[in-house]
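The values are calculated or read from the model by the stated rules, or taken from the named source; none is laboratory data. In this text, all values refer to a predicted model and were calculated from it rather than measured experimentally. Neighbour counts run over all protein chains shown; Cβ positions are idealised from the backbone, glycine included. Side chains included, ligands, DNA and RNA excluded: accessible areas come from the protein's heavy atoms. Shrake-Rupley method; radii C 1.70, N 1.55, O 1.52, S 1.80 Å.
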Amino acid sequence: MLLTKKSSFASSILLSLLIAGAPAAHGAENPGISAADRAKAVRAAKAQAARKAAPAAKKAPAKFDFEGDDVNYTNWKEVRAFLDDLSARQGFDRAELDTLIGKVRYVDTAVQLMKPAPPGKPKNWQAYSARFIEPVRINAGVKFWNENAEALARAEREYGVPADIIVGIIGVETVYGRNTGRFRVLDALTTLAFSYPESPNRAARMAFFKGELENALLFARKDGIDPLTLLGSYAGAIGLPQFMPSSIMKFAVDFDGDSHIDLRNSTADAIGSVAHFLVEHGWRRNDPATSVYPVSVSPSRAWEKFIGQGLQAKFSWEELQSAGVSSNAPVPANMLFGLIDLQNGSEATEYSLASNNFFAITQYNRSYFYAMSVIDLGQAVRNARAR
């Protein structure tokens, strides 16, 4: 584990990727890579690693999927400057940081998955939704809800976030803990902090991942964890709810009362942390349970000015009606909304009014598709559980 200065240290080529439109853990992962293609890429990398390791069949299997390549990051000028700054600001022993980073490896899979998706593939809400609203995930959600009913009910009481929303998020993120990722978090974060692929926002993304690397080290020190044992997604997201390290430090809570935050093994901590995250990002307990209202739009297209106006509810129902938006169901008159478009490829786009709580979910992942999938999966699990 990482300790203070007065203490001691205890401790590929990937197939080209296709398609667009999938979830990203707190803005960390590439939203241009679909869940199916991400899984395909991971399987390909595993198969390649297995082929390379075939001659040494008797060797014990690795506890993580991507061992990466040795690059000796401690020789990199930018890495040394980062470690100097981290040691000065956060009290880490500089020699111990060198020892740790000397064990970190470059993971080409993470770099490839961060590359922009090829252009030209239209978004398709129905196809996206079908990946998440399906029997395996719904049945797993019923089991998860039944096994964690007390923690979910307590989170709903204490935070005002309905159980089905929490269940929806954990189901979309990791299928209730089945797919939490098997990359070493330090490998992924260091790779992306210093070897991010060429892109228009490369500098900003590298700065983001440097911050996440720092937070991963702080989290490991705070919780007494060997940082090299942290496993997560290719972008460094951890545990059942796929929190980035900065989110763990800011929003994770000890919900099972054992004086320890563990999003990898404690379902209660994961449940409480998701609820706390949403409240800290604007969830309102007294808003109506319904957060999206399907609508129709007029051929005049005066309503188009309300599309793409940010991830917040800021327009009155009267304003939207006057621009040609209509609904067959009652819409609360005293609330603000955003107008969201769910594109369906060559088929007709679906439109809905989204309330404040819908946009709170988009702060978990900045995607209309993601937030709608969370809502729909949670409702499907609730309905299945009631049968």
Based on the mean of other Cβ atoms within 10 Å per residue, sort peptides 215-222, 285-292, 227-234 so the most packed one is first.
-> 227-234, 215-222, 285-292
Gain on full stretching of the segment that runs from residue 348 to residue 314 - 0.36 nm per residue minus C-alpha separation | 9.7 nm
Spherically averaged projected area of segment 113-176 from its Cα convex hull (nm²) | 6.0 nm²
Taking only the alpha carbons of segment 208-285, what extent do you get along each of the three principal axes, in Å, biggest first?
-> 38, 29, 19
Residue 249 versus residue 78: modelled label distance in nm, points set 7 Å from Cα along the beta carbon direction | 2.0 nm
Is segment 315-387 best put as rounded, prolate or oblate by its Cα gyration tensor, with a ≥ b ≥ c the root eigenvalues, rounded for a/c under 1.5, and otherwise prolate when a/b is larger than b/c, oblate when not?
-> prolate
Grab the beta carbon distance between residue 98 and residue 134, set R0 = 51 Å, and tell me the FRET efficiency rounded to 0.05.
-> 0.60
Summarise the accessible area of segment 83-237 (1.4 Å probe, protein heavy atoms) by the percent that is carbon and sulfur.
-> 51 percent
Label point distance in nm, residue 198-residue 179, each placed 7 Å from Cα along Cα→Cβ | 3.1 nm
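For segment 76-182, build the convex hull from the C-alpha positions and give me its volume per residue in Å³.
Cα-based convex hull of segment 76-182, divided per residue, equals 214 Å³.
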Let me know the shape class of segment 168-223, please: from the alpha-carbon gyration tensor, a ≥ b ≥ c as square roots of the eigenvalues, rounded when a/c is under 1.5, otherwise prolate if a/b is greater than b/c, or oblate.
-> oblate
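A 32 angstrom limit on the alpha carbon distance is what I want to check against. Which of 143/305; 103/250; 123/314; 123/305 exceed it? Spell out each step's value before the answer.
Numbers: 143/305 43 Å; 103/250 27 Å; 123/314 25 Å; 123/305 20 Å.
Over 32 Å Cα-Cα: 143/305.
Excluding residue 246 itself, calculate the net charge of residues whose Cβ lies under 10 Å from the Cβ of residue 246, where each Lys or Arg counts +1 and each Asp or Glu counts -1.
-1
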Rounded, prolate or oblate: which fits segment 178-314, taking a ≥ b ≥ c as square roots of the Cα gyration tensor eigenvalues, rounded meaning a/c under 1.5, else prolate when a/b beats b/c?
-> oblate
